[in-house]
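Novice: Below is a structure I'd like to ask you about.
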Amino acid sequence: MIIRNARLRGRDGLHSIRLEGALIAAIDAQPTLQASAAGELDAAGNLVIPPFIEPHIHLDATLTAGEPAWNMSGTLFEGIERWGERKAMVTHEDTKTRAKKTIDMLVDHGIQHVRTHVDVTDPTLAALKAMVEVREETRHLIDMQIVAFPQEGIESFTNGRALMEQAVELGADVVGGIPHFENTRDQGVSSIKFLMDLAERTGCLVDVHCDETDDPQSRFLEVLAEEARVRGMGARVTASHTTAMGSYDNAYCSKLFRLLKMSGINFISCPTESIHLQGRFDTYPKRRGLTRVAELDRAGLNVCFAQDSIVDPWYPLGNGNIMRILEAGLHICHMLGYEDLQRCLDLITDNSARTLNLGARYGLEVGRPANLLILSAPDDYEMVRSQGHALVSIRAGEVLMRRTPAQIERA
């Protein structure tokens with residue numbers, strides 16, 4: 001397969017990309033536009049990039065909003081309560097059916113790499129067992145990482161530690177946590193030390209729901225970052241949400257950022273979900289309830305965007321379109337400056353790949369997997385401005401999805 005007339009991020013001019021089997025065989029500069037032959041793909045001067053990435057989603061909970069009841073307060077904690085009710089109704093096939101429907105949505109929007117959190121505060125680990133099967137059954141569509149996520153705590157939930165260890169034995173790739181939801185601060189700190197020990201012992205990555213609250217006294221991020229620094233695990237560790245950082249005072253944040261840079265950990269922000277769930281206890285002024293995305297980026301720390309939820313007890317909307325999250329996040333995080341817009345796709349591509357530790361499995365380089373997208377715009381700015389889409393998704397050298405743009409006829 002050959003793709004003609006492609007623009008590549010960070011490279012001037014047009015290029016042709018030749019795919020052989022499941023790998024990128026050549027990337028050649030073109031002096032001018034070229035006519036595409038039969039069987040070739042014409043990017044028509046638009047961007048060709050590696051696939052979009054969804055680094056934080058809960059596939060085991062998608063498409064459950066309102067079952068058996070809606071989250072009426074819109075708070076994180078009522079969402080956890082509603083999920084507790086829905087969890088009692090979960091079956092093996094129910095989990096698999098909903099997850100696969102959601103994966104189809106993600107694939108339709110050019111996503112080929114997914115990290116999903118799966119609730120393991122269930123003595124039967126039913127959802128985890130189902131998602132391990134889904135991971136295998138959808139390998140032709142996506143690469144999936146599964147996080148053993150203790151929704152109701154590690155130390156605060158009966159046999160929480162044993163369930164986490166069993167989840168890794170059953171096939172979880174990533175060790176999760178939720179220290180701010182443990183019953184006490186001491187339990188929160190203990191949970192971090194336990195999960196870091198488990199990850200270090202088993203070679204797993206780490207992705208912790210960390211300080212997902214407006215409480216400025218929730219400061220487990222410093223504990224996670226220090227554990228990562230001391231163990232030399234920073235590149236393998238991710239702090240998701242960290243929304244309490246939006247409520248920290250600047251003096252504390254100044255000290256915290258020194259540690260964060262030394263630790264080298266990654267960050268994921270879920271802007272649409274956080275602005276929906278947080279700030280619920282405020283009147284006015286009302287906080288946005290997000291972490292300091294722009295500040296993390298300016299400090300040279302790796303940060304990316306994610307969807308988090310699609311039609312579940314925490315968030316009633318969503319359709320799998322990560323570009324929707326990018327546009328909203330740029331607005332919410334005050335990142336509509338010229339330089340931000342010129343490189344904004346980093347937040348849903350390269351930065352996410354670094355978070356997932358994809359390494360040489362990702363990127364437009366000769367010898368890497370022939371997984372890529374043809375977009376509907378020539379650059380990052382125009383992609384966001386025009387609310388663009390992935391027009392073609394290619395996986396292992398084969399076309400996975402094609403989109404025909406809507407046509408408008410003027411009278």
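The values are calculated or read from the model by the stated rules, or taken from the named source; none is laboratory data. All of these numbers come straight from a predicted model, not from anything done at the bench. Backbone-built Cβ (ideal geometry, glycine too); neighbour counts: all protein chains shown.
Novice: Sort out which residues of region 388-402 are of a type in the set (K, R) and in contact (Cβ under 8 Å) with a residue 24 or more places away in the chain, and write them in order of number.
Specialist: R395, the sole residue that qualifies.
Novice: Can you tell me which residues in region 174-202 are of a type in the set (D, E) and buried (at least 20 other Cβ atoms within 10 Å of the Cβ)?
Specialist: If the condition is that a residue be of a type in the set (D, E) and buried (at least 20 other Cβ atoms within 10 Å of the Cβ), then E182 is the only one that fits.
Novice: Might you check whether a residue that is in contact with a Lys or Arg (Cβ under 7 Å, 6 or more places away or on another chain), modelled with pLDDT of 95 or more and surrounded by 21 or more Cβ atoms within 10 Å (Cβ to Cβ) occurs anywhere in region 319-328?
Specialist: Checking region 319-328: not a single residue is in contact with a Lys or Arg (Cβ under 7 Å, 6 or more places away or on another chain), modelled with pLDDT of 95 or more and surrounded by 21 or more Cβ atoms within 10 Å (Cβ to Cβ).
Novice: Quick check on region 104-120: of everything there that is outside any helix (DSSP H, G or I) and not β-branched (V, I, T), which residue is farthest from L141 (Cα to Cα)?
Specialist: Ranking the qualifying residues of region 104-120, first place goes to D119.
Novice: Confirm whether V175 is in contact (Cβ under 8 Å) with a residue 40 or more places away in the chain and either assigned by TED's automatic domain parsing to the domain that holds N266 or within 18 Å of the chain's Cα centre (by Cα) (or both).
Specialist: no
Novice: Tell me yes or no: at least one residue of region 98-119 is more than 24 Å from L356 (Cα to Cα), without any contact (Cβ under 8 Å) to a residue 60 or more places away in the chain and surrounded by fewer than 24 Cβ atoms within 10 Å (Cβ to Cβ).
Specialist: For region 98-119, residues more than 24 Å from L356 (Cα to Cα), without any contact (Cβ under 8 Å) to a residue 60 or more places away in the chain and surrounded by fewer than 24 Cβ atoms within 10 Å (Cβ to Cβ): absent.
Novice: Quick test for you: out of L41, L47, L33, L59, pick the one residue that is under 29 Å from R343 (Cα atoms), among the hydrophobic types (A, V, I, L, M, F, W, C) and exposed (fewer than 13 other Cβ atoms within 10 Å of the Cβ).
Specialist: L33
Novice: Could you name every one of the strands (runs of 3 or more DSSP E) located completely within region 1-81 that has at least 1 residues being hydroxyl-bearing (S, T, Y), over 26 Å from the mean Cα position of the chain (by Cα) and not assigned by TED's automatic domain parsing to the domain that holds H241?
Specialist: Answer list for region 1-81: 14-20.
Novice: Hey, can you tell me all the residues within region 194-221 that are within 18 Å of A306 (Cα to Cα) and assigned to a loop (DSSP other than H, G, I, E, B)?
Specialist: Answer for region 194-221, where residues must be within 18 Å of A306 (Cα to Cα) and assigned to a loop (DSSP other than H, G, I, E, B): D211, E212, T213.
Novice: Checking M144 against (1) surrounded by fewer than 19 Cβ atoms within 10 Å (Cβ to Cβ); (2) at pLDDT 95 or above; (3) outside any helix (DSSP H, G or I), only one condition comes out false. Which one?
Specialist: (1) is the only condition that M144 fails.
Novice: Select from region 294-313 the residues that are buried (at least 24 other Cβ atoms within 10 Å of the Cβ) and touching a helix residue (DSSP H, G or I) at 6+ places or on another chain (Cβ under 6 Å) and list them in ascending order.
Specialist: Of everything in region 294-313, those that are buried (at least 24 other Cβ atoms within 10 Å of the Cβ) and touching a helix residue (DSSP H, G or I) at 6+ places or on another chain (Cβ under 6 Å) turn out to be V303, C304, F305, Q307, D308, S309, I310, P313.
Novice: Looking for something over 24 Å from the mean Cα position of the chain (by Cα), of a type in the set (A, V, I, L, M) and part of a helix (DSSP H, G or I) - is there at least one such residue anywhere in region 222-232?
Specialist: Within region 222-232, one or more residues are over 24 Å from the mean Cα position of the chain (by Cα), of a type in the set (A, V, I, L, M) and part of a helix (DSSP H, G or I).
Novice: Does K101 meet the test of being assigned to a helix (DSSP H, G or I) and farther than 30 Å from D350 by Cβ?
Specialist: no
Novice: Still on this structure, please answer the following. I'd like to check which helices (runs of 4 or more DSSP H) are fully inside region 337-408 and have at least 1 residues that are outside the structural domain of L8 (by TED's automatic domain parsing) and touching a Phe, Trp or Tyr at 6+ places or on another chain (Cβ under 8 Å).
Specialist: Qualifying helices (runs of 4 or more DSSP H): 338-342, 350-355.
Novice: Let me ask something additional. With respect to the numbered conditions (1) more than 30 Å from G39 (Cα to Cα); (2) charged (D, E, K, R); (3) in contact (Cβ under 8 Å) with a residue 40 or more places away in the chain, which one is the sole condition not fulfilled by E339?
Specialist: (3) is the only condition that E339 fails.
Novice: Can you say whether Y338 is within 19 Å of D379 (Cα to Cα) and of a type in the set (S, T, Y), as far as the supplied structure shows?
Specialist: Spelling it out, Y338 is indeed within 19 Å of D379 (Cα to Cα) and of a type in the set (S, T, Y).
Novice: Looking only at region 254-273, which residues are surrounded by fewer than 24 Cβ atoms within 10 Å (Cβ to Cβ) and either without any contact (Cβ under 8 Å) to a residue 40 or more places away in the chain or outside the structural domain of N71 (by TED's automatic domain parsing) (or both)?
Specialist: Hits for region 254-273 are S254, K255, L256, R258, L259, M262, G264.
Novice: While we're on this one: Can you find a residue in region 274-285 that is of a type outside the set (S, T, N, Q), under 17 Å from F181 (Cβ atoms) and in contact with a His (Cβ under 6 Å, 6 or more places away or on another chain)?
Specialist: Among the residues of region 274-285, not one is of a type outside the set (S, T, N, Q), under 17 Å from F181 (Cβ atoms) and in contact with a His (Cβ under 6 Å, 6 or more places away or on another chain), which makes the answer no.
Novice: Please state which one of T291, T238, T283 is loosely packed, with under 15 Cβ neighbours inside 10 Å, among the polar types (S, T, N, Q) and either assigned to a loop (DSSP other than H, G, I, E, B) or in contact (Cβ under 8 Å) with a residue 40 or more places away in the chain (or both).
Specialist: Criteria check complete, one pass: T283.
Novice: Which condition does M144 not pass, out of (1) under 22 Å from A353 (Cα atoms); (2) among the aliphatic types (A, V, I, L, M); (3) without any contact (Cβ under 8 Å) to a residue 12 or more places away in the chain, if it passes all the others?
Specialist: Answer for M144: the failing condition is (3).
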